[in-house]
Amino acid sequence: MADIVKDEHCISSMPEGLETTCWGCELRLLLSSYTPIFKCGWCGAITNRNPQIVQTERFRWRWLRDRCFVSILILFMLFVICGGVWAVYPVVFSISSSVGILHCILTTILSVSTISSFSLAAFCSAGAPPSILWGSYPTVGKGGLENYTFCLVCSKPKSPRTHHCRSCGMCVLDMDHHCPFIGNCVGAANHRYFITFLFSAVISTFYVSIMSVYTVFHLWPPLKYRSIVRLVISGRRTEAWRLVKEITVAFFNSAANLSARHLVLIYLFVASLSVAIGLNVLLWQQLIFIYEGKTYLSHLSSQGNSGVTQRDCQNIFHFFGWRYSVSRFFTVFYRTKKPHKK
Ligand SMILES: [Zn+2]
Ligand SMILES: [Zn+2]
Ligand SMILES: [Zn+2]
């Protein structure tokens with residue numbers, strides 16, 4: 001920790017090269033020896049005298065690439081919705097029937113929630129850190145910039161919870177990671193939208209894959225899956241195996257005469273199932289980090305340390321904006337039960 005210089009006459013008596021200035025409070029400090037990184041004894045700001053030079057020229061290209069990717073993904077989602085409705089509905093449902101109406105409502109809810117949460121996560125700011133006073137001794141109080149560093153690109157203080165994203169060209173509060181699929185950082189302001197999108201997308205893609213398989217079985221008479229299931233259940237496995245072989249031969253014989261509806265259904269099944277598996281893994285990983293009260297970046301930085309984590313379901317409730325403690329309900333329950341025991 002550096003000593004604070006209050007008297008200018010002290011400096012002349014000290015060896016040269018050990019005097020420096022804190023960026024946070026601009027107090028002149030005397031270091032016992034040369035250290036590239038030091039912490040101010042007054043405001044707590046950390047000064048790095050050998051900062052890394054951040055490349056900013058490619059920022060525009062990264063921004064353009066991310067926006068193009070986001071546009072392609074929105075088009076892909078619209079294709080899945082429109083293609084799915086076109087390929088599935090006329091085969092399986094009558095729109096006027098109650099089952100058809102139920103699936104119409106379900107499709108609308110899943111489509112709106114997925115696209116709206118995706119757009120909010122992609123186009124909302126990830127969370128700029130709050131502005132803080134810095135730069136002069138009377139303004140910055142003792143410990144006012146505890147463990148803050150200075151971002152050379154944004155030219156402003158950076159708290160320990162803040163990271164600078166090169167792709168977004170800004171500092172982001174509680175940055176989790178920069179997601180190329182939404183072309184944006186996942187941070188304090190849009191993390192909930194991102195998790196809502198993952199939930200919604202996982203349910204939607206599983207729904208699409210189930211419906212496309214169900215439609216294929218309606219559309220493809222050779223696929224006598226019910227007969228196979230019946231034979232397997234009754235223990236006639238040799239007959240079931242023969243039927244599987246017949247179906248495989250019929251499949252390859254009719255593969256040359258596939259209609260556009262068949263192709264769309266096959267594509268929807270393969271694409272939605274693979275996307276669902278990928279998003280499910282990502283969602284699970286995100287929920288574990290939220291449960292542990294961490295972000296992906298804080299998880300990486302704590303790997304080398306002992307990493308004191310507070311694993312608690314309360315972290316998940318706080319993340320989704322639930323203000324009250326879960327234990328409060330147990331306390332209320334306990335208080336109401338206690339008089340009966342007596
Ligand atoms: Zn200072
Ligand atoms: Zn920055
Ligand atoms: Zn970013």
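Some values worked out for this structure:
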read-out	value
Test for S204: is it within 25 Å of L110 (Cβ to Cβ), in contact with a Leu (Cβ under 6 Å, 6 or more places away or on another chain) and surrounded by 21 or more Cβ atoms within 10 Å (Cβ to Cβ)	yes
Residues located in region 127-157, provided they are within 11 Å of ligand 2 (Cβ to nearest atom) and open to solvent by 50 Å² or more (accessible area, probe 1.4 Å)	A128, F150, L152, V153, S155, K156
Residue count, region 158-190 (criterion: of a type in the set (F, W, Y) and either within 16 Å of ligand 2 (Cβ to nearest atom) or without any contact (Cβ under 8 Å) to a residue 24 or more places away in the chain (or both))	0
Neighbours by Cβ (under 7 Å, 6+ apart or cross-chain): first from region 92-105, in the same structural domain as L265 (by TED's automatic domain parsing); second at pLDDT 80 or above	V92/Y214; V92/T215; F93/V99; F93/G100; F93/H103; S94/G100; I95/Y89; I95/C104
Inter-residue pairs, beta-carbon under 9 Å, first in contact (Cβ under 8 Å) with a residue 60 or more places away in the chain and in region 191-220, second among the charged types (D, E, K, R), 6+ apart	H191/D174; H191/D176; F194/D176; T215/R261; L219/R261
Residue match in region 214-234 (condition: modelled with pLDDT of 80 or more and open to solvent by 60 Å² or more (accessible area, probe 1.4 Å))	yes
Members of region 148-179 that are among the hydroxyl-bearing types (S, T, Y) and within 16 Å of ligand 1 (Cβ to nearest atom)	Y148, T149, S159
All strands (runs of 3 or more DSSP E) inside region 107-220 with 1 or more residues being among the β-branched types (V, I, T) and within 16 Å of ligand 3 (Cβ to nearest atom)	162-165, 170-173, 184-186
Residue in region 67-90 that is assigned to a helix (DSSP H, G or I), out of contact with any strand residue (DSSP E or B) (no Cβ under 9 Å at 6 or more places or on another chain), exposed (fewer than 15 other Cβ atoms within 10 Å of the Cβ) and at pLDDT below 85 present	yes
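The values are calculated or read from the model by the stated rules, or taken from the named source; none is laboratory data. Quantities reported herein were computed from a predicted structural model and do not represent experimental measurements. Here Cβ is always computed from backbone atoms with ideal geometry, including for glycine, and neighbour counts include all displayed protein chains. What goes into the accessible areas is simple: the full protein's heavy atoms, side chains included, and nothing from ligands, DNA or RNA. Shrake-Rupley method; radii C 1.70, N 1.55, O 1.52, S 1.80 Å.
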